[in-house]
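Peer 1: Got a structure for you, questions after.
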Amino acid sequence: MTLQTKYMGIELKNPLIIGASNLVSDPTYAKKLEHAGASALVYRSLFEEQIQLENLELQMTREEYTERHAEMLTVMPLVDHAGPAEHLHNLKKVRDAVSIPLFASLNAIYKETWIEYAKKLEEVGVNGIELNFYFVPRESKSDGKSIEDIQIDIVKAVKKELKIPIAVKLSPFYANPLNVVSQMDAAGANAFVLFNRLMQPDIDIETISHTVNLNLSNKEDNKLSLRYAGLLHGSINGSICSNSGIYSSADVIKMILAGADCVQIVSAIYENGAAHIGKILNEMEQWMSKKNISSLNDFKGKLSYKNVNDPFIYKRAQYIDMLMKKSQDVMKTYGMR
């Protein structure tokens with residue numbers, strides 16, 4: 001029996017990848033994740049926006065006491081921001097600590113910096129780069145197609161400059177995610193991570209101020225990824241990696257059945273620790289043994305849109321059918337009859 005799979009053309013010993021987060025920031029804990037059974041790690045994202053904000057803060061601090069005296073133009077040394085140097089340095093520590101595949105994650109702003117930072121990440125020795133298209137519209141003038149065209153152009157540009165494979169981590173907020181994935185697949189993306197979790201702002205009504213919380217995924221969040229893994233399986237060249245709300249062996253098995261090649265988990269490790277990886281893998285092997293299945297390829301995509309007899313299972317008709325057939329049962333369950 002084998003749990004081996006392939007992601008971005010890279011052989012993995014099993015489908016469990018630790019997604020981009022602070023879990024992978026510490027070399028010691030990264031090694032612990034490897035020993036627990038993780039097949040690959042994604043280092044936390046390099047955000048150009050953060051670098052720009054830090055650079056602005058540095059400039060403001062440096063210029064705060066500028067020209068306070070005729071003979072003293074400044075009291076601060078003329079030091080430039082290090083840019084991505086610190087991130088690259090820490091990434092190299094994790095690269096040296098683990099032997100399993102390590103992927104970088106990148107979110108830049110300009111096409112030129114997408115390319116520049118991607119090349120710097122490649123030089124560290126990562127096995128691939130995840131383009132984290134974490135984009136939040138801030139104005140109504142930008143139309144959907146122009147945003148998609150920019151991102152597709154970035155995929156083409158980065159792919160052209162790198163020797164290592166690239167994955168694209170997408171949000172679900174496209175009018176037609178299938179079309180976007182199809183275009184990025186044609187542009188050369190080697191894999192797709194479905195989907196990104198956008199951190200949302202909140203409001204504290206007692207202090208009447210904004211707050212930002214680290215919200216872990218919910219166990220029902222994986223349904224959207226399952227749907228699109230099922231719809232995409234067999235229709236693109238790139239690998240499919242399901243993400244968000246994946247906590248148990250059953251969740252992983254469902255994603256593989258729908259058509260995913262692998263999954264990324266984060267919240268499950270925050271809640272249960274690194275040992276949870278081994279528990280998931282052991283339970284997957286038990287299920288496969290019970291079903292007389294010898295490898296992931298034997299059941300991958302078995303319940304995808306391409307392979308099921310019911311053409312409406314991944315369509316809106318499923319929702320309508322459920323309402324029509326189950327409404328009486330639901331009413332009875334909740335004492336409404």
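What follows draws every value from the coordinates through simple rules; no lab data is involved. None of the values given here were measured: they were computed from a predicted structure. Glycine gets a Cβ as well: all are built from the backbone with ideal geometry, and neighbour counts include every protein chain shown.
Peer 1: Would you mind calculating the gained length between Asn218 and Glu139 on full extension (0.36 nm times residue separation, minus the Cα-Cα distance), in nm to one decimal?
Peer 2: Working: separation 79, 0.36 × 79 = 28.44 nm, distance 2.94 nm.
Using 0.36 nm per residue and subtracting the Cα-Cα distance, I get 25.5 nm.
Peer 1: Amide H to amide H under 5 Å from Ser105: which residues, 5+ apart in sequence or cross-chain, H placed 1.01 Å off N in plane?
Peer 2: Answer set, sorted by chain and number: Tyr43, Leu46, Glu130.
Peer 1: Can you tell me the order of 230-241, 256-267 when each peptide is scored by its average per-residue count of other Cβ atoms within 10 angstrom, highest first?
Peer 2: On the way: 230-241: 20.8, 256-267: 25.6.
Ranking, from highest mean packing down: 256-267, 230-241.
Peer 1: Round to a whole angstrom and tell me the spacing of the C-alpha centers of region 257-292 and region 118-159.
Peer 2: About 30 Å separates the Cα centre of region 257-292 from the one of region 118-159.
Peer 1: While we're here: With a point put 7 Å past each Cα toward its Cβ, work out how far Ser209 is from Asn309 in nm, to one decimal.
Peer 2: A separation of 6.2 nm, rounded to one decimal place.
Peer 1: With the alpha-carbon atoms as the only input, what is the per residue convex hull volume for region 185-269 in Å³? Don't skip to the end; give the middle numbers.
Peer 2: Details: hull volume 9.4 nm³, N = 85.
Convex hull volume per residue, Cα atoms: 111 Å³.
Peer 1: Sticking with this one: Using only the C-alpha atoms of region 91-186, find the volume of their convex hull and express it per residue in Å³.
Peer 2: Values: hull volume 10.3 nm³, N = 96.
So the per-residue hull volume is 107 Å³.
Peer 1: Here's something else I'd like to know. Once you put a point 7 Å from the Cα of Ile147 and another 7 Å from the Cα of Leu178, both along the Cβ direction, what distance in nm separates them?
Peer 2: Distance between the two pseudo-spin positions: 2.1 nm.
Peer 1: Rule-of-thumb check for region 159-198: C-alpha Rg over 2.2 N^0.38 Å? Write down the numbers at each step before the final one.
Peer 2: Working: Rg = 10.7 Å, N = 40, 2.2 N^0.38 = 8.9 Å.
Computed over Cα atoms of region 159-198, the ratio equals 1.20.
Peer 1: Using 1/(1 + (r/R0)^6) with R0 = 30 angstrom and r between the beta carbons of Asp96 and Lys6, what's the FRET efficiency to the nearest 0.05? Working shown, then result.
Peer 2: Numbers: r = 25 Å, r/R0 = 0.84.
That gives a FRET efficiency of 0.75.
Peer 1: With point charges of +1 on the Cβ of Lys and Arg and -1 on the Cβ of Asp and Glu, referenced to the Cα centre of region 80-237, which listed residue (Gly230, His87, Asn196) lies farthest in the positive direction of the dipole?
Peer 2: Gly230
Peer 1: Something else about it: Compute and list, largest first, the equivalent-ellipsoid semi-axes of region 207-248 from the alpha carbon gyration tensor, each √(5λ) rounded to a whole angstrom.
Peer 2: Working: eigenvalues 194, 28, 14 Å².
Over the Cα atoms of region 207-248, the ellipsoid semi-axes are 31, 12, 8 Å.
Peer 1: Beta carbons within 10 angstrom, averaged per residue: use that to sort the peptides 99-111, 277-289, highest first. Mind showing how you got there, number by number?
Peer 2: Numbers: 99-111: 20.1, 277-289: 17.1.
Highest mean packing first, the order is 99-111, 277-289.
Peer 1: Could you sort 116-129, 192-205 so that the peptide with the highest average Cβ count within 10 Å comes first and the rest follow in order?
Peer 2: Working: 116-129: 19.5, 192-205: 16.1.
Peptide ranking by packing, descending: 116-129, 192-205.
Peer 1: In nm, to one decimal, how far is the modelled label at Lys302 from the one at Glu161, with both set 7 Å along Cα→Cβ?
Peer 2: 4.4
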